[in-house]
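*Asks:* If you scroll down you'll find the structure; I have some questions about it.
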Amino acid sequence: MPAFDDDRAEMLARAADAGVRAILAITGLSMTEIGVIALKIFATTGVHPHEAKDAGDLTTVEQQSKDARVLAIGEIGLDYHYDHSPRPVQADVFIKQMEIARAARKPIVIHTREAWPDTLSLLKENWAATGLGGVMHCFSGDLATAHECIDMGFLISIAGPVTFPKSQELRDVASKLPADRLLIETDSPYLAPVPHRGKRNEPAFVAEVCKRLAEVRGVAPEEIAARTTENFSRLFAVKI
Ligand SMILES: [Zn+2]
């Protein structure tokens, strides 16, 4: 993202120093060449619900979905908080991208905001049976919702909000999720975790998400790191 135009190489070096071994860059529609780095970087491709109204015929997503570096289709889904695109258009573009993902045999990464009932029913109708699974990105639902997603093959991805003082509900949910269904993420450059809150977020800060999640679950951060790495490798069938 442009937020890293001035220090992309340094940002990636900091991530490697923080123990990050692989990054899935969400909606990496334009991949910048950054030279040799000590990190594996993968991408997703997809049209975010905000931009659904400008999605066109989705040719780019379809083409990029075949690229071996593209591990998933996403972020796709529904956002009824901002309603930047009309809801029926969001649903249409969401469904079409699930079709592209199914054809490419790749998982999906879901963005959903204030739209759980429609998101879950569209996933049930159009995705669950594929068995390809996916990621519930920046999860913010309740435990019952998490289990509905898990039953459809999804991993639950925990981001910076788990460190926010007011997010006790999310911590409660995160403490009860099965260890083999967890992922961690940053949502960089947004949602910087404590103690970097309010600053530009970057991949190195995922270590803070890992630490807080470990605390909440009463395990060592190394345990969370190992399990989330394992879960990532399993879902996307890649070695890290
Ligand atoms: Zn999102």
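*Asks:* Only residues that are part of a loop (DSSP other than H, G, I, E, B) and either crowded, with 18+ Cβ neighbours inside 10 Å or of a type in the set (A, V, I, L, M) (or both): list them for segment 200-232, please. Spell out the reasoning first.
*Replies:* Initial filter on segment 200-232 (part of a loop (DSSP other than H, G, I, E, B)): 200-202, 218-220.
The answer is ASN201, GLU202, VAL219, ALA220.
*Asks:* Out of SER157, SER175, SER167, report the one residue that is within 16 Å of the ligand (Cβ to nearest atom), among the hydroxyl-bearing types (Ser, Thr, Tyr) and at negative phi.
*Replies:* SER157
One line per residue, one yes/no per condition, for (1) within 16 Å of the ligand (Cβ to nearest atom); (2) farther than 21 Å from ALA237 by Cβ; (3) small (Gly, Ala, Ser); (4) surrounded by 14 or more Cβ atoms within 10 Å (Cβ to Cβ):
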| position | (1), (2), (3), (4) |
| --- | --- |
| PHE42 | no, no, no, yes |
| GLY46 | yes, no, yes, yes |
| SER65 | no, no, yes, yes |
| HIS84 | yes, yes, no, yes |
| ILE95 | no, yes, no, yes |
| LYS106 | no, no, no, yes |
| PRO117 | no, yes, no, no |
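*Asks:* PRO88 versus (1) under 19 Å from MET152 (Cβ atoms); (2) in a helix (DSSP H, G or I): which is the lone unmet condition?
*Replies:* (1)
*Asks:* Could you check, for segment 117-126, whether at least one of its residues is within 17 Å of the chain's Cα centre (by Cα) and over 30 Å from VAL20 (Cβ atoms)? First the steps, then the outcome.
*Replies:* Step one: list which residues in segment 117-126 are within 17 Å of the chain's Cα centre (by Cα), which gives 119-120, 123.
Still in the list and also over 30 Å from VAL20 (Cβ atoms): 120.
Among the residues of segment 117-126, at least one is within 17 Å of the chain's Cα centre (by Cα) and over 30 Å from VAL20 (Cβ atoms), which makes the answer yes.
*Asks:* Only one residue in LEU183, LEU155, LEU170 is aliphatic (A, V, I, L, M), crowded, with 19+ Cβ neighbours inside 10 Å and either more than 17 Å from the chain's Cα centre (by Cα) or in a helix (DSSP H, G or I) (or both). Which one?
*Replies:* LEU170
*Asks:* Let me ask something else about it. Restricting attention to segment 67-82, which residues are within 16 Å of the ligand (Cβ to nearest atom) and either touching a Gly at 6+ places or on another chain (Cβ under 8 Å) or in a loop (DSSP other than H, G, I, E, B) (or both)?
*Replies:* Within segment 67-82, ALA72, ILE73, GLY74, GLU75, ILE76, TYR80, HIS81, TYR82 meet the criteria.
*Asks:* Still on this structure: Just give me the residues in segment 134-159 being touching a helix residue (DSSP H, G or I) at 6+ places or on another chain (Cβ under 6 Å) and touching a residue at least 40 places away in the same chain (Cβ under 8 Å), in sequence order.
*Replies:* Matches in segment 134-159: LEU155, ILE158.
*Asks:* Next question. Does ALA38 satisfy the criteria of being modelled with pLDDT under 90, under 27 Å from VAL238 (Cβ atoms) and out of contact with any Asp or Glu (no Cβ under 6 Å at 6 or more places or on another chain)?
*Replies:* So ALA38 fits the description; yes.
*Asks:* Please name all residue pairs, on different chains or six or more residues apart, with Cβ atoms under 8 Å, provided the first residue is in segment 164-191 and is closer than 16 Å to MET136 by Cβ and the second residue is surrounded by fewer than 19 Cβ atoms within 10 Å (Cβ to Cβ) and β-branched (Val, Ile, Thr).
*Replies:* Short answer, once both residue conditions are applied: LEU177/ILE150; PRO178/ILE150; ARG181/ILE150.
*Asks:* In segment 49-63, what count of residues is obtained for those that are more than 15 Å from the ligand (Cβ to nearest atom) and either touching a His at 6+ places or on another chain (Cβ under 8 Å) or farther than 19 Å from VAL135 by Cα (or both)?
*Replies:* 10
The values are calculated or read from the model by the stated rules, or taken from the named source; none is laboratory data. As the structure is a computational prediction, the values presented were derived from the model and not from experiment. Virtual Cβ from ideal backbone geometry, glycine too; neighbours counted across all protein chains shown.
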